[in-house]
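First comes the structure, then the notes that go with it.
The values are calculated or read from the model by the stated rules, or taken from the named source; none is laboratory data. Small disclaimer: the values here were computed from a predicted structure and weren't measured. Backbone-built Cβ (ideal geometry, glycine too); neighbour counts: all protein chains shown.
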Amino acid sequence: MKKITLILCFLLGIYSYSQKDLNQLQVDYENVSRAGVNVLTPCSLYFSNNVAKFTTHAEKAEEIDKKEIDKLSDCETCPQSKSIFIKTGINNYYYQDLNSNLLYSYYLSFKKNFQVKENLPIGEWKLGDKQKEILGYKCQSASITYKGRDWEVYFTNAIPIPLGPWKLGGLSGLILEAKSVDGMYHYTATKISAEIDKEINLKDDYSNYLKNTFLTWSEYFELVNKKLYESNKKTWSEDDETGSGFLVIEPTMENIYNVTNDKIRKEFYEKWGNPDEAEQQTTQK
Amino acid sequence: MSQKKYIILLFFLSFGFHFSQTISGKVINEKGEPIFSANILFKESQKPDLVVEFCQTNKQGAFTYKLKKEYPKLLVEITALGYQSQQQEIENYHTLVEPLLFVLEKSTQALKTVVVKSYKIKEKNDTVFYNPKAFADGTERKVEDILKKLPGIEVNEKSGQISYKGKPVETVNLDGDNLFGYNYQLGTRNINVDMVEQVQAIENYSENPLLKNIENSNKVALNLKIKKGKTDYSGNAELGLGYKDVYNSSFNLLSVSQKLKGFFTSSYNNIGHNYTSFDYNDFSLNQEQINEQTQNAKKIISETTSSGVLDAERTTVNNAWFNNLSFLYKIHQKVSFKTNLYYYKDIFSSDNYYQTQYAVNDESFTNTDWYKNEKKPELLRADFEMKWVVSKNALLQYSGKVSTENIRTQTNLLSDVTENYQTKLLSENFIFRNKLLFTQKLNDKQAFQAQLFFSKNDIPQQYSLLPSLHFISDFTEITQQKSNFTKNYAEAKVDFLGSSKLGKYVISIGIQYEDIPYNSLLTEDNQSVGNNYENNLCYYKSNGFLETSFTYKKGKWQLQPSISIKNNTQAFKDFITNSTLSATDIIFAPAFSAIYKLSRKSVFNASVSYDKIPIEDEYLLPNFVLTSNRNLQKSSVDLAFQELKTTSLSYSYNDNYNFFTLLFSGNYSETDNDFFSRYSFSETLNNTFYFRMPYGNKNLMFFLKTDKYIPWLQSTLRISANYSNFLYKNIVNDSELRNNKAANYSGEFFWKTALDIPINFQNEIKVAQADFYTENIKINSNTSFNYTSSIIARFKKRITAVFSADYFLPDTQKRNEDYWFLDAKFDFFFSKSKYNFSIIVKNLLNNTTFSQRFVSDYSTSLYQTNLLNRYILLSFNINF
């Protein structure tokens, strides 16, 4: 009997939709970022034939109340980032190709497009022992330090694909929640569905995307870091007389912003003194 | 359950290289095909829910994994997308030498779609949010200082006018409430930066919330989100005292609570610093005055000004006292009341010398006037606004303004070296404005507005000269000119606004009525100088109008056609001659503008318009009025229309990546049936007669500005250039009608460094040239040159020092008549502390006068003005 069922299943697998049902997946996430103000951005992860695309829906981004975010996040003392939210309507997107183990990222920095290619996996995960249920799935915690930021995620083995929001992935199951420990980003899955939105043609999207020329991460990092640094200098040097000390304009992704900002801040303090320290000294006196 | 049936352990050839803690194996399906990307989950038997380690299969379905830890009992689970998972306990994995083989069964269970309800969210569109802290370096004091540093926002140093993405900002709101109106400088120049939590820049701003997304608003506004502290009050006090006899003190108090928003400021200074949005030094118009221009009367007798190329802070010798109280009170959830009360008092002292040389029709003579002025403006003003939210979709607003101003100017005048006069000018200005506006939102896409407006502006002026100018006889003692311009303006208008798939539209229908009574009388010892020097008239104008405008946006294009049809009726009554003029016309005024966004970086903008303009108020005087000690003015009243055609073209390029911006614009305008001047210059009195002719003026302007940051120089370089060419006609001392041309060129070069040392440099060079031609012959020309160099030094513990040298050469022909100004400024900041100090040293070389040349097609003049003396000012500021 079982063999018959098996054969039936197998036939169905070939001739009908069962493959489609199981090899296709769409996960919708919401990302709450504390980039100066609290912004909620819907995002989606599309997966089919071992290729995944993660994209933000910046056109649907909203500012949310601090009260709301405090409800969402248990990080009450999270520091506010020194950046601004500009409603650009321009989306960031990432491809993960599990066949070739490559990760592609699209960035818009200084109003210029960049395509970056990196190798998978993104790093080594530390599995945790915290558990929680998200969207009815039993999830386990895991953590990683990636691109200068500590992440804590919850993944489920019930959906055994090594993907997640943003560039995260490489676990034994789908990541349904991911937050950066500094409180900057917090992704939560809001919908998991077995079919991809009809307007998405992942296969064509991906093959078109591959026609781009790509930079390596370190090339991109170096380039944008330099530009951010110069941009800061430019701002200083274009105003009359006393200009701003440090300033970063573009809300670029990941730690480039923070690294650059830290670098600029450090240099600024070295040159002009740390105002906090200066104040401490005066109060001591 | 039946999994075990499918688990087969296979024995492979072993070469003895396997370590006990390394586990390897293969995952295949029932057909024997390898499964790629299957997960091998290792768990402890006691905790079967937690994965402790895991690995994945390669394309061959194989895996090799070295366990990191020791486990008493190991549970292995295999998962793969589309397959049922399997679990197996391995007791002696240490002794396991042979690879494991797993055969997975296809899953028949499809993934279920699961959804979570989304969070409550607040919508904000077209808005940029700035966290001011992110842009602060601790040196900022007032909101204006931080605004200058926010990307996209520019602040005009002199006027305090703010623009966002190149567009002038309409209002600066406090927590969403428009407390200051057009005079937002009150807020931005006085509110301390520490009080602000967030700055929001709003595009497509609709002050009326009901018109949001319905009206095609190109307006931008800023909103300051105020920090919610423990107390509702915050403020600062600044005390500045200096040598010699200089003061600069101010006090500000801001109160923000749910029901009440209040702001109070009081300032006193004699260093030429303007804390207000009013300019009584130069009388340049602020945004509010520009907007109200068509409803306000004209000032005919000229006020004294001290214009020129120098900063107002060098030439203004005054004693300004300014007070403002603004508050907004929410009486009820649906009713709010707002008022702004102003009191301003100032005393300006100026010492101006003019030497004007006329060269006309082979004649040449010189006039000199030496004015020692004391000008005392005083302003008392109250604005009111009441808002009533009638229902969710209806809003009723009333706004009103009462303002009274008087300016008393006393002058000791020495004319042509020998004639000494005492002159007095009293100009009063009374404004009363009322507006009632009702808005009804019909649905999400349509709204209706009805508006009633009434205003009255009265400008009586009295000018007297002692001794007299001897119009009647050589024995009269005093000459007196009275002038009284009044304008009553009323308008009723209905607007219908809507947005559709194609774009947004507005249709307005209304009537507009104004009457302008004017009278003037020139007397000597209370005796009229003559009929020729007396005006008593009234001008009436009414318009029935229909205006439509449509904005179409598609892809890279934005097109905006608009048409206005006016039925214009004018009447002019001269009560002295008892004559009447009248005219009725239908005016058809179309306009069209187009914006094309070539790319993210470059935008083209083009517009054309045509209009017919009725007579302007200053040409309504058929008989002479003495407008200054040198000039009489009158005109030939003609109610015909002046035609105006304008064309403009602009291009902007903004490359953020390469730090390069370029802005180019060109404007051309042409009038027809315009007014022209006939001047009669003499060694004593001049007169100007305005008359209409079937000719026009032509005006062409070009503007170019480009800026680039050069990384290897660590500097920003900026170049800007202006060119204007104005063709006009006039008659000078019984000449024929002359064709003139005024050409102006100016260029600016700016260079500022951002070096990695505590000292940086800023250099600026400005060159300006004015050329005047009559019948294509160059009559006069002047070139001036200005160079400013600053050294900006910052030391630890927040000391900023700026040393600057300012060089002026007002006339390049006279190389030895040049000026140097040296200034210094030191700021001591203790961030987070409540106090800071500053020291200002101005005009170190103590220049007392400054002269410059003005040229025209008939004269060249030398203008000399007094300057604010050298001073050193110590300022102490405390925030609370």
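Rundown of residues vs (1) outside any strand (DSSP E or B); (2) modelled with pLDDT of 90 or more; (3) in contact with a helix residue (DSSP H, G or I) (Cβ under 9 Å, 6 or more places away or on another chain), yes/no style:
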position: B:767; (1), (2), (3): no, yes, no
position: B:812; (1), (2), (3): yes, yes, no
position: B:827; (1), (2), (3): no, no, no
position: B:839; (1), (2), (3): no, yes, no
position: B:844; (1), (2), (3): yes, yes, no
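Select from the stretch A:162-175 the residues that are within 12 Å of another protein chain (Cβ to nearest Cβ) and within 13 Å of the chain's Cα centre (by Cα) and write down the one among them that is nearest to residue A:48 (Cα to Cα).
Among those residues, the one meeting the criterion is A:163.
Taking the stretch B:665-694 on its own, how many of its residues are within 30 Å of residue B:417 (Cα to Cα), under 37 Å from the mean Cα position of the chain (by Cα) and small (Gly, Ala, Ser)?
So the answer is 1.
Please state which of the following conditions residue B:256 fails to meet, knowing it meets all the rest: (1) buried (at least 19 other Cβ atoms within 10 Å of the Cβ); (2) farther than 29 Å from residue B:440 by Cβ; (3) touching a helix residue (DSSP H, G or I) at 6+ places or on another chain (Cβ under 8 Å).
(3)
Quick one: in the stretch B:26-72, of everything that is in contact (Cβ under 8 Å) with a residue 24 or more places away in the chain, within 10 Å of chain A (Cβ to nearest Cβ) and more than 16 Å from residue A:140 (Cα to Cα), which residue is nearest to the chain's Cα centre (by Cα)?
B:37
Each row is one residue, and each column tells you yes or no for (1) free of Cβ contacts under 8 Å to residues at least 60 places away in the same chain; (2) in a strand (DSSP E or B); (3) of a type outside the set (A, V, I, L, M).
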position	(1), (2), (3)
B:399	yes, yes, yes
B:413	no, yes, no
B:417	yes, no, no
B:422	yes, yes, yes
B:435	yes, yes, yes
B:454	yes, yes, yes
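Test residue A:194 against the stated conditions and say whether it is farther than 16 Å from residue B:41 by Cα, within 13 Å of chain B (Cβ to nearest Cβ) and under 16 Å from the mean Cα position of the chain (by Cα). Break it down into steps so the answer makes sense when it comes.
Numbers: farther than 16 Å from residue B:41 by Cα: yes; within 13 Å of chain B (Cβ to nearest Cβ): yes; under 16 Å from the mean Cα position of the chain (by Cα): no.
So residue A:194 does not fit the description; no.
Considering only the stretch B:49-88, state which residues are crowded, with 18+ Cβ neighbours inside 10 Å and either in a loop (DSSP other than H, G, I, E, B) or touching a helix residue (DSSP H, G or I) at 6+ places or on another chain (Cβ under 6 Å) (or both).
Selection gives B:57, B:61, B:67, B:71, B:74, B:80, B:81, B:82, B:85, B:86.
Okay, residues lined up against (1) among the hydroxyl-bearing types (Ser, Thr, Tyr); (2) closer than 30 Å to residue A:111 by Cβ; (3) crowded, with 16+ Cβ neighbours inside 10 Å; (4) in contact (Cβ under 8 Å) with a residue 40 or more places away in the chain:
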| position | (1), (2), (3), (4) |
| --- | --- |
| B:655 | no, yes, yes, yes |
| B:679 | yes, no, yes, yes |
| B:686 | no, no, yes, yes |
| B:705 | no, yes, yes, yes |
| B:708 | no, yes, yes, yes |
| B:714 | no, yes, yes, yes |
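With the requirement that a residue be within 12 Å of chain A (Cβ to nearest Cβ), touching a Ser or Thr at 6+ places or on another chain (Cβ under 9 Å) and part of a strand (DSSP E or B), what does the stretch B:775-807 give you?
Of everything in the stretch B:775-807, those that are within 12 Å of chain A (Cβ to nearest Cβ), touching a Ser or Thr at 6+ places or on another chain (Cβ under 9 Å) and part of a strand (DSSP E or B) turn out to be B:788, B:789, B:790, B:791, B:792, B:793, B:794, B:800, B:802, B:803, B:804.
Give the residues of the stretch B:562-609 that are without any contact (Cβ under 8 Å) to a residue 40 or more places away in the chain, among the polar types (S, T, N, Q), surrounded by 14 or more Cβ atoms within 10 Å (Cβ to Cβ) and closer than 30 Å to residue B:634 by Cβ, sorted by residue number.
Of everything in the stretch B:562-609, just one residue is without any contact (Cβ under 8 Å) to a residue 40 or more places away in the chain, among the polar types (S, T, N, Q), surrounded by 14 or more Cβ atoms within 10 Å (Cβ to Cβ) and closer than 30 Å to residue B:634 by Cβ, namely B:569.
May I ask you to list the residues in the stretch B:280-301 that are surrounded by fewer than 17 Cβ atoms within 10 Å (Cβ to Cβ) and in a loop (DSSP other than H, G, I, E, B)?
Listed by number, the residues that qualify are B:282, B:283, B:284, B:285.
Scan the stretch B:465-488 and give yes if some residue there is under 38 Å from the mean Cα position of the chain (by Cα), under 27 Å from residue B:395 (Cβ atoms), part of a strand (DSSP E or B) and touching a residue at least 24 places away in the same chain (Cβ under 8 Å), otherwise no. It would help to see each step written out before you state the result.
Quick first cut of the stretch B:465-488, residues under 38 Å from the mean Cα position of the chain (by Cα) only: B:482-488.
Narrowing further to those that are under 27 Å from residue B:395 (Cβ atoms): none.
Checking the stretch B:465-488: not a single residue is under 38 Å from the mean Cα position of the chain (by Cα), under 27 Å from residue B:395 (Cβ atoms), part of a strand (DSSP E or B) and touching a residue at least 24 places away in the same chain (Cβ under 8 Å).
Kindly check whether there is at least one residue in the stretch B:614-624 that is part of a strand (DSSP E or B) and not polar (S, T, N, Q).
No: the stretch B:614-624 contains no residue that is part of a strand (DSSP E or B) and not polar (S, T, N, Q).
Please find, among B:779, B:791, the residue that is surrounded by fewer than 17 Cβ atoms within 10 Å (Cβ to Cβ), of a type in the set (A, V, I, L, M, F, W, C) and either in contact with a strand residue (DSSP E or B) (Cβ under 8 Å, 6 or more places away or on another chain) or more than 20 Å from residue B:818 (Cα to Cα) (or both).
Of the residues listed, the single one that is surrounded by fewer than 17 Cβ atoms within 10 Å (Cβ to Cβ), of a type in the set (A, V, I, L, M, F, W, C) and either in contact with a strand residue (DSSP E or B) (Cβ under 8 Å, 6 or more places away or on another chain) or more than 20 Å from residue B:818 (Cα to Cα) (or both) is B:791.
Among the listed residues B:772, B:750, identify the single one that is modelled with pLDDT of 95 or more, buried (at least 17 other Cβ atoms within 10 Å of the Cβ) and either assigned to a strand (DSSP E or B) or touching a Pro at 6+ places or on another chain (Cβ under 6 Å) (or both). If you could, list the steps in order and put the result at the bottom.
On the way: B:750 fails: modelled with pLDDT of 95 or more.
One residue alone meets the criteria, B:772.
Checking residue B:334 against (1) among the basic types (Lys, Arg); (2) farther than 23 Å from residue B:423 by Cα; (3) modelled with pLDDT of 90 or more, only one condition comes out false. Which one?
(3)
Which residue, of A:171, A:102, is over 30 Å from residue A:232 (Cα atoms) and in contact with a Pro (Cβ under 9 Å, 6 or more places away or on another chain)?
Result of the check over A:171, A:102: A:171.
What residue, among those in the stretch B:338-383 that are within 35 Å of the chain's Cα centre (by Cα) and among the polar types (S, T, N, Q), is surrounded by the fewest Cβ atoms within 10 Å (Cβ to Cβ)?
B:349
Residues that are modelled with pLDDT under 85 and within 11 Å of chain B (Cβ to nearest Cβ): find the strands (runs of 3 or more DSSP E) completely inside the stretch A:14-113 holding 2 or more of those.
A:24-35, A:37-48, A:102-109
Could you tell me which of the residues B:756, B:734 is surrounded by fewer than 17 Cβ atoms within 10 Å (Cβ to Cβ), assigned to a loop (DSSP other than H, G, I, E, B) and within 14 Å of chain A (Cβ to nearest Cβ)?
Exactly one residue qualifies, and that residue is B:756.
Mind telling me which of the residues B:373, B:340, B:361 ends up being touching a residue at least 60 places away in the same chain (Cβ under 8 Å), within 27 Å of residue B:857 (Cα to Cα) and among the polar types (S, T, N, Q)? Before you say what the answer is, go through the steps one by one.
Details: B:373 fails: within 27 Å of residue B:857 (Cα to Cα); B:340 fails: within 27 Å of residue B:857 (Cα to Cα).
Unique residue meeting the criteria: B:361.
Which of the residues belonging to the stretch B:89-102 are surrounded by fewer than 18 Cβ atoms within 10 Å (Cβ to Cβ) and assigned to a strand (DSSP E or B)?
Those that are surrounded by fewer than 18 Cβ atoms within 10 Å (Cβ to Cβ) and assigned to a strand (DSSP E or B): B:89, B:90, B:101.
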